[in-house]
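The values are calculated or read from the model by the stated rules, or taken from the named source; none is laboratory data. Because the structure is predicted, anything quoted here is derived from the model rather than measured. Glycine also receives a Cβ, built like all others from the backbone with ideal geometry; neighbour counts cover every protein chain displayed.
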């Protein structure tokens, strides 16, 4: 399996499972939040998390090849109102990879069980968007709201050039040429707008330089796909949903956003000007405003 990379109301934003063990340590605090970090053991793998703030729980789910740090510019504004939990998915960042069948949605549910949470808001980008959508389909009662930046939703066929590009950087990494693999990722069409912003390019490369690549080498045969796939079940999603799309993202991902906004009941669509696929990093102020405005309408604490 090639895992996902990285009425409709439209607004524009202009530029400018089983029991698991929870171990945590308090790493820092300031006048509005306390950060905890640690690992949650789920189905044989220890998943890293970081937690900030108080209030209704809000889980941030990262894109492929990246980790929880891609959300650095969201933590402070979100943690002023919500209990923000960032998790490294299995095989990414500081989370372990375990050679057994698993799914992102079941790992997320294990995370909820570990924290004793009944209901959460979910924000996901690319691979993280697919994980959030799968979770909403499998655990609708536990899903308070969704914010997704789509990027290869399971069940949606992407063009041949996409698969060739993906295979190219995976092949380079398999050969041990990690520098070339990162260069190929940054030149991959969905990532080019982010690469033109020096601070974002530097942040992305820093994360990728610490990536083990093991999840791309091994886990496709172990990942348990949701059947039927997400793209065939969008009408079943029942929670408030916000779709965010950068107007510089590739055409295929922008089309996915349009389809999700049409087919997910009552979904909102926000287009952010001057942003590509990594919209939260490229245009953080606009992204944060869109998410917080949406959450204010869906949150019981608003």
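Data table
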quantity	calculated
First in the stretch 280-302 and closer than 20 Å to residue 195 by Cβ, second anywhere and modelled with pLDDT under 95, Cβ under 6 Å, 6 or more apart	286/13
Count of the stretch 263-286 residues which are in contact with a strand residue (DSSP E or B) (Cβ under 9 Å, 6 or more places away or on another chain) and within 17 Å of residue 156 (Cβ to Cβ)	4
Test result for residue 16, part of a loop (DSSP other than H, G, I, E, B), modelled with pLDDT under 55 and on the phi > 0 side of the Ramachandran plot	yes
Those helices (runs of 4 or more DSSP H) lying entirely in the stretch 226-302 with at least 3 residues buried (at least 17 other Cβ atoms within 10 Å of the Cβ), touching a helix residue (DSSP H, G or I) at 6+ places or on another chain (Cβ under 6 Å) and at pLDDT 95 or above	279-282
Per-region count, the stretch 73-96, residues surrounded by fewer than 19 Cβ atoms within 10 Å (Cβ to Cβ) and touching a strand residue (DSSP E or B) at 6+ places or on another chain (Cβ under 9 Å)	3
Selection within the stretch 236-251 - within 18 Å of the chain's Cα centre (by Cα) and closer than 26 Å to residue 161 by Cβ	243, 244, 245, 246, 249, 250
Considering residues of the stretch 60-70 that are modelled with pLDDT of 95 or more and surrounded by fewer than 24 Cβ atoms within 10 Å (Cβ to Cβ) only, the residue farthest from the chain's Cα centre (by Cα)	69
Subset tally (residues that are part of a helix (DSSP H, G or I), touching a strand residue (DSSP E or B) at 6+ places or on another chain (Cβ under 9 Å) and over 21 Å from residue 79 (Cβ atoms)) for the stretch 119-136	7
Filter result for residue 47 (crowded, with 24+ Cβ neighbours inside 10 Å and closer than 23 Å to residue 237 by Cα)	no
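This table checks each residue for (1) at pLDDT below 95; (2) buried (at least 21 other Cβ atoms within 10 Å of the Cβ); (3) outside any helix (DSSP H, G or I).
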residue: 154; (1), (2), (3): yes, yes, yes
residue: 163; (1), (2), (3): yes, no, no
residue: 168; (1), (2), (3): yes, no, no
residue: 182; (1), (2), (3): no, no, no
residue: 191; (1), (2), (3): no, yes, no
